[in-house]
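One structure below.
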Amino acid sequence: MLTSYLSPPSFWTPRFAARSAWIDHAPFAFWLMGTVRPRALVELGTHSGYSYFAFCQAVADLGLPTRCFAVDTWQGDTHAGYYEEEFFRSVADYNDAHYAAFSRLVRSTFDDALAHFTDGTVDLLHIDGRHFYDDAKHDFDSWRPKLSDRAVVLFHDTNVRERDFGVYRLWEQLRERYPSFEFFHGHGLGVLGVGPSLPEGMREFFAVTADAAGA
């Protein structure tokens, strides 16, 4: 059952370095990409690019046919803070140098970006935008039609309960409706099996982790 949690990519070293609350989850990101093998990945809220470039590294190194999209205004918000234009430029330069063949930075609000994606086409969605409950719920609800029948959704900061973060409240509701697993370290990362036809590796992952949680 160890393969339900680990694979050779789980031991890779991320090539992109940045200060990030997501740093503890890179091994899982590498495993996840190899398991889901998404046709389209969308990240809502990219900030410095740590999580996004971990996904991109897996696409490149595994030779996946994935198209990757990072959606962000790169202006900042209440929780992430606000930053200058040079911040976006550094992310764009790294993307152009390493992943331009399959990755695109979509500089817009999450709502405005919806029009650029066809319903039912996103296999992996990472929600990491503004973390108030209403914002996180809106992001999930508005992007739900874009998800495919094999889609997995990630929620960062499910284990943060200060500064009016509300992702944990949304997570508590959604995990009752879908197969799920939560990592409590690294501010919390929720893994939600939204699609009714999940990849076999994800079905096994949710089954094994559910058994472990109930043991």
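Some observations on this one:
- Segment 155-165, subset in contact (Cβ under 8 Å) with a residue 60 or more places away in the chain and crowded, with 19+ Cβ neighbours inside 10 Å, residue nearest to Ala29 (Cα to Cα): His156
- Segment 166-193: number of residues that are closer than 15 Å to Val153 by Cβ and open to solvent by less than 10 Å² (accessible area, probe 1.4 Å): 10
- Within segment 177-215, the set of residues being assigned to a loop (DSSP other than H, G, I, E, B) and more than 21 Å from Asp135 (Cβ to Cβ) comprises Pro179, Phe184, His185, Gly195, Pro196, Ser197, Leu198, Pro199, Ala215.
- Number of residues in segment 24-44 that are open to solvent by 10 Å² or more (accessible area, probe 1.4 Å) and in contact with a Gly (Cβ under 7 Å, 6 or more places away or on another chain) equals 2.
- For segment 104-143, the set of residues classified as in contact with a Ser or Thr (Cβ under 8 Å, 6 or more places away or on another chain) and of a type in the set (Val, Ile, Thr) consists of Thr109, Thr121, Val122, listed by residue number.
The values are calculated or read from the model by the stated rules, or taken from the named source; none is laboratory data. As the structure is a computational prediction, the values presented were derived from the model and not from experiment. Cβ coordinates were reconstructed from backbone atoms using ideal geometry, including for glycine residues, and neighbour counts include every protein chain displayed. We work out accessible area using only protein heavy atoms, side chains counted, and drop any ligands, DNA or RNA first. Shrake-Rupley method; radii C 1.70, N 1.55, O 1.52, S 1.80 Å.
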